[in-house]
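Every read-out reported here was derived from the displayed coordinates using simple, explicitly stated rules and does not represent laboratory data. Note that the structure is a prediction, hence the values are computed from the model and not measured. Note that we place each Cβ from the backbone using ideal geometry, even for glycine, and neighbour counts take in every protein chain shown.
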Amino acid sequence: MEEKGGNQKKEEKSQDEVKQTKRKRKYVFPYGNYKSYYGYRIGRDLEEDPRLKVLKKEWFEGKDCLDIGCNSGILTIQIAKKFLCQSILGIDIDSDRIEDAYWHLRKFAKMENTGKMNGKASKLKISEDSNGQGNDIAMPSDGETKKDLFEIVSFRQENFVRSSRTPEESYDTILCLSVTKWIHLNWGDDGLITLFSRIWRLLKPGGILVLEPQPWKSYENNRLVSETATLNYKNIKFRPNTFQDLLLDKIGFRTVEDLTPGLSGSKTGFNRPMLVFQK
């Protein structure tokens, strides 16, 4: 009995050690490349990202678009589906997140194709019921005229600020959502200016930048994520409340529109401004 009790205590001690080790193992995401970011941000009880409600269809329909810092690609794909982009490219610094994005793209495409097949079968049945024969009337599905998701959406691993790629493409709309803080903490004010300048060059005349900057408090919360971040945090001069003037007066954007009042549904801590700048 004593031996059995001793073994039980050893087993319980071993389980406690495993739990403590798991608690100590804290994953660090110095670029904001969180796994399952969207569930963490908006919760799983919402059907779509609340930011979609304030975006305008004319910024995306039939347009070539770029999503900087796309993470696992869910919002990128939702924008493509809801607003009917001509094309949209999502880029992220983390190759693992790009793999996640392509996994989500395959999942969304499969769901869409299943919906098309079900819709086509339903219309064919109506055709049969209406004329008594199944082959006399062809009933095209609405989805047949639409491009496949894989023709619209693509993803690429890239460090946007440090990329040596010669930009051959240009875009009608560029999204930069909750990215500026991570660029700022990793590459300082120079990195931020590079970000804004490169966006400007990639945009077509009249093009749109949708910007969601994190507030300064968020910088404070993440300043210890790495030694680089700590050092840059101390030396940052262009705080988020200066971005609007920087983009209008220094970079050259002509107008700005504040979308923030229409936002709702994000979890506490994610009530961030959304601004739209036009080139």
Contact order relative to length of region 148-279, as percent, for alpha carbon pairs under 8 angstrom and 6 or more apart: 28
Net charge over other residues, Cβ less than 13 angstrom from the Cβ of residue 204 (K, R count +1; D, E count -1): 0
Total charge dipole magnitude, region 71-114, about the Cα centre, Cβ charges on Lys, Arg, Asp, Glu only, Debye to nearest 20: 300
For region 176-279: rounded, prolate or oblate by the Cα gyration tensor [a/c cutoff 1.5]: oblate
Interchain or long-range residues, amide H under 5 Å from residue 155's placed H: 90
DSSP bridge pairs, region 143-277: antiparallel proportion in percent, nearest 5: 50
Sorted peptide list for 228-240, 92-104, criterion being average Cβ within 10 angstrom, highest first: 92-104, 228-240
Net charge contributed by nearby residues that have their C-beta within less than 10 Å of residue 94 (K/R +1, D/E -1): -2
